[in-house]
Amino acid sequence: MSEPEEIGNPAAQTIVARAQTVAIIMDGNGRWAAGKGLPVEAGHREGTRALRRTVEAAIDEGVTALVVYAFSTENWARPAAEVATLMEILGETIARELPDLALQGVRTRFLGRRDRVPPHLRDAMGELERSTEHLDTLCLWIAFDYGGRAEIIDAARRCIEDGLAPDDVDEAALAARLNAPELPEIDLLIRTSGEFRISNFMLWETAYAEFVFTETLWPDFDAGDLRAALDEFSARDRRFGGR
């Protein structure tokens, strides 16, 4: 959860909450490419560059965990050529971008299914996780072949497989069986491109998150956009169901 931070005149003791766990639905790659007369692949590749600068900006802003929606369970329905390109870009990102972020203390972890990605990508994902597991400046969670409903269903199935009695199935039991039980609840969810939906992303973890929707297309997202979303979060009064 977020922690308070003093701002302005120290004597005034003004306290605001800063989001420490942030999730982003990275949307708008295709529209960005179309607007420039480029193939959709160009939008996805530009989106990779946006991810890197956003991670670096998140470090500067004191964010400790960043969760990004890279590929959903529904994205398999896209044209085969586009899916193949996304797999290729994931491999390039693991090989080129994420190791450089590791030099800045970024630990990378993956959420979602791995049985449907090519074996060489599964190996690369696992190796990156192992090689960065000791880093703690920021934890980058990449949701790939991920769906929020599937995550909750899988957690319920694990409760059954573990032999839990019905009365023992509570929030704690389900939370412990999610894809990443150690991931803190989301403070702030950002969606780019002007769409107003969460698209089956982090349904459990965003139960009390604040949402910020921005018109900025993902490939254009930068440090200023992230800071604006964090500032908007800080200005809100979070009651968690209370008054």
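Coordinate-derived values only; no laboratory data. Just so it is clear, the model here is predicted, and its values are computed rather than measured. Cβ atoms come from the backbone with ideal geometry, glycine included; neighbour counts cover every protein chain shown.
So here's what we get for this one:
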quantity: Distance (nanometres) between label positions extended 7 Å along Cα→Cβ at GLU92 and GLU171; calculated: 4.3
quantity: Convex hull volume per residue for the stretch 107-202, taking Cα atoms only, in Å³; calculated: 144
quantity: Two-site label geometry, ARG197 and ASP115: point separation in nm, points 7 Å out along Cα→Cβ; calculated: 2.7
quantity: Proxy reagent accessibility, fewest Cβ within 10 Å first, across HIS134, HIS44; calculated: HIS134, HIS44
quantity: Residue order, fewest to most beta carbons within 10 Å, for ARG158, ARG130; calculated: ARG130, ARG158
quantity: Förster radius 25 Å - calculated FRET efficiency between ALA156 and ARG227, Cβ distance, rounded to 0.05; calculated: 0.05
quantity: Exposure proxy ranking, count of Cβ atoms within 10 Å, fewest first, for TRP76, TRP141, TRP218, TRP204; calculated: TRP76, TRP204, TRP141, TRP218
quantity: Loop-located GluC sites (Glu not before Pro) in the stretch 148-192, at most 10 other Cβ atoms within 10 Å (DSSP); calculated: GLU182
quantity: ALA80/GLU215 FRET efficiency (R0 25 Å; Cβ-Cβ; nearest 0.05); calculated: 0.20
quantity: Cubic angstrom per residue, convex hull over Cα atoms of the chain; calculated: 148
quantity: Label-point separation, ASP60 to ASP100 (7 Å along Cα→Cβ), nm; calculated: 1.5
quantity: Residue among GLY28, GLY163, GLY112 with the largest mean-square fluctuation in a Gaussian network model of the chain, springs linking Cα atoms under 10 Å; calculated: GLY163
quantity: Mean ellipticity per residue at 222 nm, deg cm²/dmol - from DSSP H runs of n ≥ 4 across the chain, formula -39500 (n - 2.57); calculated: -11500 deg cm²/dmol
quantity: P(r) weight above 18 Å for the stretch 181-243, C-alpha pairs, percent; calculated: 42
quantity: Among ALA143, ALA50, ALA176: highest mean-square fluctuation, GNM of the chain, C-alpha pairs under 10 Å; calculated: ALA176
